[in-house]
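Worksheet for the structure shown next.
The values are calculated or read from the model by the stated rules, or taken from the named source; none is laboratory data. On a predicted model such as this, the values are computed, not experimentally measured, just so you know. Positions of Cβ are backbone-derived with ideal geometry, glycine not excepted, and every protein chain shown enters the neighbour counts.
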Amino acid sequence: MSQKRYDQLLASYQGLMNGTLRDVILPSILGKEADDMLYWIGKDLAREYPVATHDDLVILTHQLGLGDLQLRRHDKTSQVWRLGGPIVVERIRRDEEQTSFGLELGFLAQEIEFQLGSVAEAKITDRHHEYIDITVKNDPQSDADSERSELVTFIHVTAPQDGITTPKKKHKHSLLKKKHAE
C-alpha cells in the first residue's frame, strides 16, 4: 500500500480497516473476477439482513456503510436508485474508473428480489463524480420462489435517530409456494 492510499483511507469516512478490506484485500483475493464475485457477496449480505420495505433498505444501506441510497423512480419492472454520500464520493474520486460497486449492486438486487418476490438484477446505469445511478430490473413473470426454497424473515431496522425502539413483529415472506398440501 502506498503512502497516498494509506493517508486517504486513514482520513476517509469508511476508515482504514473497512477501506482496506473493501478496496484492497477483497480485490486482491478475488483478482480479475472481483466485480462479479462482489456482486454475489452482496447478494449473500442481503440474505443476512433482509428488509421488507424501501425505507428500511435506505436505512440499512447507510448503516452498512455502503452510502446514502435514494429511490429515484420505479415502475412495474424497474427501479432506479441513486447511491451517493461521502463514502461513495471518496471511493469514486480515489479511483474513478476502477471503483467497483459490485457488492452494492448484488446487495440491492437481492433485497428487491426479496421485497417483490420476483427475480431481480442490478447494474450501474450512470456514474458521476458524486453518485452512481443503479437500475434494478425485475421480471414480474418470473418467480423468485423457484430460485430459493427458504422462508425469509425480514429484520426490523432501527432508524439512526431512534435511540431505543420497541420490538416489532417480524415479517415473513415465503419464497417457496408449496405445490402439495401435506
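Among the residues making up the range 6-25, those that are without any contact (Cβ under 8 Å) to a residue 24 or more places away in the chain and either part of a loop (DSSP other than H, G, I, E, B) or over 14 Å from GLY67 (Cβ atoms) (or both) are TYR6, ASP7, LEU9, LEU10, ALA11, GLY15, LEU16, MET17, THR20, LEU21, VAL24, ILE25. Considering the range 88-109, the residues that are assigned to a helix (DSSP H, G or I) and either small (Gly, Ala, Ser) or touching an Asp or Glu at 6+ places or on another chain (Cβ under 8 Å) (or both) include one that is nearest to LEU151 (Cα to Cα), namely ALA109. The set of residues from the range 48-69 being surrounded by fewer than 16 Cβ atoms within 10 Å (Cβ to Cβ) and within 18 Å of LEU116 (Cα to Cα) comprises GLU48, THR53, ASP55.
One residue stands out among those in the range 94-107 that are closer than 18 Å to LEU9 by Cα and modelled with pLDDT of 90 or more: the one that is surrounded by the most Cβ atoms within 10 Å (Cβ to Cβ), which is PHE101. The single condition among (1) within 17 Å of GLY42 (Cβ to Cβ); (2) touching a Lys or Arg at 6+ places or on another chain (Cβ under 8 Å); (3) at pLDDT 95 or above that TYR131 does not meet is (1). Being of a type in the set (A, V, I, L, M) and either in contact with a Cys (Cβ under 6 Å, 6 or more places away or on another chain) or closer than 21 Å to PRO27 by Cβ (or both), is that true of even one residue in the range 53-61? So far as the range 53-61 goes, no, none of its residues is of a type in the set (A, V, I, L, M) and either in contact with a Cys (Cβ under 6 Å, 6 or more places away or on another chain) or closer than 21 Å to PRO27 by Cβ (or both).
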